[in-house]
Amino acid sequence: KVRSRASLHDACEAAAEFFHKTLLTSPDALNARTYLKGRGIELDAVKRFRLGFVPEGWTHLLDHLHSQGIKPELAVRAGLAKRNERRGSTYDVFRNRVIIPITDHRDRPIAFGGRLMEGEGPKYINSPETPLFDKGRSLYNHKPAREAAGKGTPLIVAEGYMDTIALSEAGFGSTVAPLGTAITEDQLA
């Protein structure tokens, strides 16, 4: 079980690196970089929050994970891909979205949120719950906010990712957000 969780962490870390590098370097990410800049999110915040991007397509992440030796089954267990049983294929969960890594209390990626920049579809798509990610127990920006709160700054609970990033950038480093749920007792603890 410990090795299985480590493998899931490895898959999420490889995904976070891929998404982040794609945002910073890919010509396909120009709209995403423009979108973030329009939201007031500068390059230093993009790097600090390890924001990313994935272009339109069904297997960009899966192809990258395969090149890293990560099998599709592990990507599915990590919440990064889904299986289409009828077609016998596996496909990426996130497509053509700004990607926000969700990290655990040790700042390791455990899940992702994908923000639609324009067009049709849900504004946000979030990773499903996995052995690493329980949305009722996790908080966005947990570790940095805990460190800031430990230095005496008041804890702020914001609605979502972008609010948390904006408040952190405005000097309120102890800001967190629940992940698609109302705040729970576990999160407050």
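The values are calculated or read from the model by the stated rules, or taken from the named source; none is laboratory data. Since this is a predicted model, take the numbers as computed values, not measurements. Quick reminder, even Gly has a Cβ in these numbers, built from the backbone with ideal geometry, and neighbours come from all protein chains shown. Protein only, heavy atoms only, side chains kept; ligands, DNA and RNA dropped before computing areas. Shrake-Rupley method; radii C 1.70, N 1.55, O 1.52, S 1.80 Å.
Label zone of ASP44 (point 7 Å out along Cα→Cβ, amide N under 19 Å): in segment 15-32 this covers 24. If you average the C-alpha positions of segment 46-65 and of segment 80-133 separately, how far apart do those two centres end up, in angstrom? So the separation of the two Cα centres works out to 10 Å. Please report the carbon-and-sulfur percent of the accessible area for the chain; probe 1.4 Å, protein heavy atoms only, DNA, RNA and ligands left out. Exposed carbon and sulfur together represent 51 percent of the surface. Per residue, the chain exposes an accessible area of 55 Å² to a 1.4 Å probe, with every protein chain left in place.
If R0 is 45 Å, the Cβ-Cβ spacing of GLU147 and ARG86 corresponds to a FRET efficiency of close to 0.45. Using just its DSSP H runs of length 4 or more, each adding -39500 (n - 2.57), the chain gives a mean residue ellipticity at 222 nm of -11500 deg cm²/dmol after division by all residues.
For segment 126-153, the residues whose backbone nitrogen is under 16 Å from a point 7 Å from the Cα of GLU13, taken along Cα to Cβ, are 132. The angle separating the long axis of helix 2-25 from the principal Cα axis of greatest extent in the chain is about 80 degrees. Taking 21 Å as the cut-off for C-alpha to C-alpha distance, list the pairs among LYS47/LYS123; LYS123/LYS143; LYS37/LYS151; LYS82/LYS135 that go past it. From the list (LYS47/LYS123; LYS123/LYS143; LYS37/LYS151; LYS82/LYS135), the Cα-Cα distance tops 21 Å for LYS47/LYS123; LYS123/LYS143; LYS37/LYS151.
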